[in-house]
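The block underneath contains the structure these notes are about, expressed in structure tokens.
The values are calculated or read from the model by the stated rules, or taken from the named source; none is laboratory data. Predicted model, so just to flag it, every value in this text is computed and none were measured. A quick note on method: Cβ atoms are made from the backbone with ideal geometry, for glycine too, and the neighbour counts reach across all protein chains shown.
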Amino acid sequence: MTATGAPHRQVPVRVFGGPTALFEYGGLRFLTDPTFDEPGDYWRDGRRVLTKTAPSSGGPADLGRVDVVLLSHDEHPDNLDDSGRALLAGVPLTLTTPEGGQRLGDGARGLADWETVELDRPGGGTVTVTGVPALHGPGAREEVEPITGQVVGFALTGEGLPTVYVSGDNASLDAVKEIAGRFGPVDTAILFAGAPRFPALFDGAPIVLDSVQAAEAARILDARQVVPVHYDSWAHFTEGRDELVAAFTAAGLADRLDLD
């Protein structure tokens, strides 16, 4: 639930493109899934797997201080690219999946579902970051994770602070319902969307929320402000700004959508 005495206010978020966004919360500066490489192809085993189609709106030099990276997962370059990996070395703490925390080593900590970490605020008090469920594809966890790997989302709370939810690469509305039951209503939801699809995976079903699902997630969370990310700058994203606006308008939630 929203922290006792917390005002229902929105958190300003700067979006850089793809899944990367920067926001200040409780005096700490948080960055989601850092991706700052120039446009180009990513290859694995001699095969092109992903293509970045547009540059970020800014680079690492534009970030200023970053206290914490909230990394949904480290295995895919559209969530952590070469520039993002280099950036992690200068950030005191990266919160990510349990497996990712082991792979990334020093400075990284994995959070299992509902596991929390308390972060000291510069002016006193703490921010609580809770790892929350996320599934990178449709279906049950035991069917999805062997194909696309572990993913984690995050809920941020603190005394006198609004509630922030960062979905990560989640495709499960059932997970969103669980999160809403513990933390709703949410003041600011940073929702990963874009309906990324690969014909060879899950019969071409989206492996992250599509636009209609993102609007439904906003309704479930009773989110006052929704900042979509992860819907542009990559070739495998099949829905963009227009589809998001249409879906939120159809759901009667256009006034919650923050695309600026």
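Below are the figures for this structure:
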item: Counted residues, region 53-74 - those being more than 21 Å from GLY100 (Cβ to Cβ), surrounded by fewer than 22 Cβ atoms within 10 Å (Cβ to Cβ) and of a type outside the set (A, V, I, L, M); result: 8
item: In region 200-236, the residues that are aromatic (Phe, Trp, Tyr) and either surrounded by fewer than 18 Cβ atoms within 10 Å (Cβ to Cβ) or at pLDDT 95 or above (or both); result: TYR231
item: From GLY107, GLY149, residue being out of contact with any strand residue (DSSP E or B) (no Cβ under 8 Å at 6 or more places or on another chain), surrounded by fewer than 18 Cβ atoms within 10 Å (Cβ to Cβ) and either under 23 Å from LEU22 (Cα atoms) or modelled with pLDDT under 95 (or both); result: GLY149
item: Enumeration of residues in region 75-87 that are among the acidic types (Asp, Glu) and buried (at least 23 other Cβ atoms within 10 Å of the Cβ); result: ASP78, ASP81
item: Region 197-220 - residue that is touching a residue at least 60 places away in the same chain (Cβ under 8 Å) and under 17 Å from the mean Cα position of the chain (by Cα) and, of those, farthest from GLY131 (Cα to Cα); result: PRO206
